[in-house]
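Colleague: My questions will all concern the structure given below.
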Amino acid sequence: MRIRIKQALNSDEPKKNIQVMGWVRTKRQSKGFCFLEINDGSNLKNLQVIVDEGIPGYENVDEVNTGASVSISGDLVPSPGKGQTWELKASEILLIGVADPETYPLQKKRHSDEFLRSIAHLRPRTNKYGALNRIRSEMSFAVHRYFHDLGFNYIHTPILTGSDCEGAGEMFQVTALDLDSLAANGKKVNFEQDFFGKKAHLTVSGQLSAENMACALGDVYTFGPTFRAENSNTPKHVAEFWMIEPEMAFADLTDNMALAQDLIKKMIIHVRRECPDDMDLFYRFVDKELEARLDNIIDNDFVRLPYTEAISILQKTGQKFEFPVEYGLDLQTEHERFLCEKHFNRPVIIYNYPKGIKPFYMRVNDDNETVAAMDVLVPGVGELVGGSQREERLNVLVDRIVETGLSRDDYWWYIDLRRFGTVPHSGFGLGFERLLMLTTGVTNIRDVIMFPRTPKVLEF
RNA sequence: UCCCCGGUAGCUCAAUUGGCAGAGCGGGUGGCUGUUAACCACUAGGUUGGCGGUUCGAGUCCGUCCCGGGGAGCCA
């Protein structure tokens, strides 16, 4: 009977006649027998297999090299050696697929992240990237369970959008037109002849749709791919990423901040509980301070800091900054890092920003100067969450749309929400890859997503 | 997109002032009856990122392009 290696290693007792299938991580050969370490992806640890000369399949053992796939039958027995409780005493070994050692790129040694990125199709076979992807899977599951338990409805918002001005950055344009032949003819593009009869783009956020659903189902969330065509070349940006976007009816900015804090804490707690071995790898080999940092995040409330107070702190400190600190200007990375990593040394939620530096849909506060916006900043990663209470007053919203130079006609359905039974509501976007960076201590976003999409890179 | 740093064997890196291109790991071959980053011996492996220039001579200097890393902007 085939069992997963995780199950074999966690066994309470010897097992007769089991079968495992997986990939060879290392081979240590002696005369007359050899040791194999097999990994099937079910957990971080390998199963040590002892293969004696003479068993069926031993004649192929010279070809059973690092990277090869095998099926092995035998008995799970206590291991006399150090380093593992159980080992598999093989009675038969079947070579499924060879991996030529002269060309197989993964060696039984440590590789640099840069090199592994160039073989992204094989890197999940390493300890670190295997662990990372199991953590990613477990955290995705945790997102759904968290919101489900809170009574949120999981909704699916469109990926193709007709609105080219959602205000969250450059968008990828999508077309079914034959651009090559249009260019060859020197013709001007007529988007009325395109698939949708108008310009189409990939979504930069499900927020506007989610607001509509929240104002019917109460509490909703999306968790899906999001696209930004920004020419960003940084360790924190990719062109395609996954975003968690909750949206709550009858909720204000305070509720919003509370949800963001609770979500982040619960995700980290969940993964630490469910993936202890995988997390241990990151504590030991990726970031020695990770465990303490996660403790600190879980054990403390996030700082709630109005924008004006943030400015005041930054102006009073003796710290020199490259960029000016002044009311009305957006905070620079150096300012955010100072507040989060030095001054408070824990996550900081900055809220009530001047309305001039925030988008039209954020609710204008009573001072008529600021909007009910919030950003969650976390150590090492920076901005993890951006959100706001939404403007629910019809006239204020329309004024803001016009004021910021947008067309009210494009948003007629969004505006309608404020005409018919409008309610205070709030939500935010949380970058899933950035949450993974925070949780694992990995410092480059390209290493927490399987095949990262970045400017000039569309490999794999 | 801008600024800084880098690109040498499959991988990680050396190479003095411009003067014979090297090591460790990995690979191959042989040895070894309990290994676990296995061990011991031997061995192969190079268009020094591409193109052009300076020079008697370029891994090294100059120009340019490509790629990677770090920082900045934009943001999740």
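Colleague: If you place +1 on the Cβ of every Lys and Arg and -1 on the Cβ of every Asp and Glu, how big does the dipole about the Cα centre of the stretch A:58-100 come out, in debye to the nearest 20?
Modeller: That gives the stretch A:58-100 a dipole magnitude of about 280 debye.
Colleague: Report ³J(HN,Hα) in whole Hz for each residue of the stretch A:289-296, in order, from the Karplus equation J = 6.51 cos²θ - 1.76 cosθ + 1.60 where θ = phi - 60°; Gly and Pro get x.
Modeller: 9, 4, 4, 5, 5, 5, 4, 4
Colleague: Report the Rg/Rh value for chain A, based on alpha-carbon coordinates and the Kirkwood definition of Rh.
Modeller: With Rh from the inverse mean 1/r over Cα pairs, Rg/Rh is 1.06.
Colleague: I would also like to ask the following. Where the eigenvalues come from the Cα gyration tensor of the stretch A:53-150, what are the semi-axes √(5λ) of the equivalent ellipsoid, largest first, in whole Å?
Modeller: 32, 22, 13
Colleague: Quickly work out the residue A:316-to-residue A:10 label distance, labels modelled 7 Å from Cα along the C-beta direction, and quote it in nm with one decimal.
Modeller: Computed distance between label sites residue A:10 and residue A:316 equals 5.1 nm.
Colleague: With a 1.4 Å probe and all protein chains left in place, how much of the accessible area of chain A comes from carbon and sulfur atoms, in whole percent?
Modeller: 50
Colleague: Where in the stretch A:67-92 does the amide nitrogen come within less than 13 Å of the point 7 Å from the Cα of residue A:102, taken along Cα to Cβ?
Modeller: The answer is none, because no backbone nitrogen lies closer than 13 Å to the label point.
Colleague: Spelling out what I want: for every residue of the stretch A:139-154, take phi, set θ = phi - 60°, compute 6.51 cos²θ - 1.76 cosθ + 1.60 (Karplus), and round to whole Hz; glycine and proline get x.
Modeller: Karplus values, whole Hz, x for Gly and Pro: 6, 4, 4, 4, 4, 5, 5, 4, 6, 4, 5, 8, x, 6, 9, 7.
Colleague: I want to check the label-to-label distance for residue A:300 and residue A:137. Put each point 7 Å from Cα in the C-beta direction and report it in nm to one decimal.
Modeller: Reported label-point gap for residue A:300 and residue A:137 is 3.5 nm.
Colleague: Pairs to check: A:45/A:265; A:198/A:456; A:109/A:288; A:16/A:128; A:236/A:456. Give those whose C-alpha atoms are more than 24 Å from each other in this structure.
Modeller: Pairs exceeding the cut-off: A:45/A:265; A:198/A:456; A:16/A:128.
Colleague: Quick one: grab the alpha carbon gyration tensor of the stretch A:165-252, order the square roots of its eigenvalues as a ≥ b ≥ c, and give me rounded if a/c is under 1.5, else prolate or oblate depending on whether a/b is larger than b/c.
Modeller: In terms of gyration-tensor shape, oblate.
Colleague: Please list the radius of gyration and Dmax for the stretch A:5-106, considering alpha-carbon atoms only, with Å as the unit.
Modeller: Rg then Dmax for the stretch A:5-106, in Å: 12.7, 40.
Colleague: Picking from A:206, A:88, A:276, whose Cα lies most toward the positive end of the charge dipole for chain A (charges on Cβ: Lys, Arg +1; Asp, Glu -1)?
Modeller: Of the candidates, A:88 comes out farthest on the positive side.
Colleague: Let me ask something else. Report, in deg cm²/dmol and to the nearest 500, the calculated mean residue ellipticity at 222 nm for chain A, where each DSSP H run with n ≥ 4 adds -39500 (n - 2.57) and the sum is divided by the residue count.
Modeller: -8000 deg cm²/dmol
Colleague: I'd like the distance separating the alpha-carbon centroids of the stretch A:236-252 and the stretch A:362-434, in whole Å.
Modeller: The stretch A:236-252 and the stretch A:362-434 have Cα centres spaced 13 Å from each other.
Colleague: Determine the per residue accessible area of the stretch A:34-91 with all protein chains present and a 1.4 angstrom probe, expressed in square angstrom.
Modeller: Heavy-atom SASA per residue in the stretch A:34-91 reads 40 Å².
Colleague: For the stretch A:81-90, what does the Karplus curve 6.51 cos²θ - 1.76 cosθ + 1.60, with θ = phi - 60°, yield as ³J(HN,Hα) per residue in whole Hz, taken in order and with x for Gly and Pro?
Modeller: In residue order, the calculated couplings are x, 8, x, 8, 7, 10, 9, 9, 8, 6 Hz.
Colleague: Now, a different point. How many nm is it between the label spots at residue A:145 and residue A:172, if each spot is 7 Å from the Cα in line with the beta carbon?
Modeller: 3.2
Colleague: Let me spell out the model: positive unit charges on the Cβ of Lys and Arg, negative unit charges on the Cβ of Asp and Glu, origin at the Cα centre of chain A. What dipole size does that give, in debye rounded to 20?
Modeller: Dipole about the Cα centre, nearest 20: 1060 debye.
Colleague: To continue, here is another question. What fraction, in whole percent, of alpha-carbon pairs in the stretch A:227-283 exceed 13 Å separation?
Modeller: Tail of the P(r) past 13 Å holds 74 percent of the pairs.
The values are calculated or read from the model by the stated rules, or taken from the named source; none is laboratory data. Computed from a prediction, not measured in an experiment: that's the story for all the values here. All Cβ positions, even for glycine, are placed from backbone atoms using ideal geometry, and neighbour counts span all protein chains on display. The area values use the complete protein model at the heavy-atom level, side chains included, leaving out ligands, DNA and RNA. Shrake-Rupley method; radii C 1.70, N 1.55, O 1.52, S 1.80 Å.
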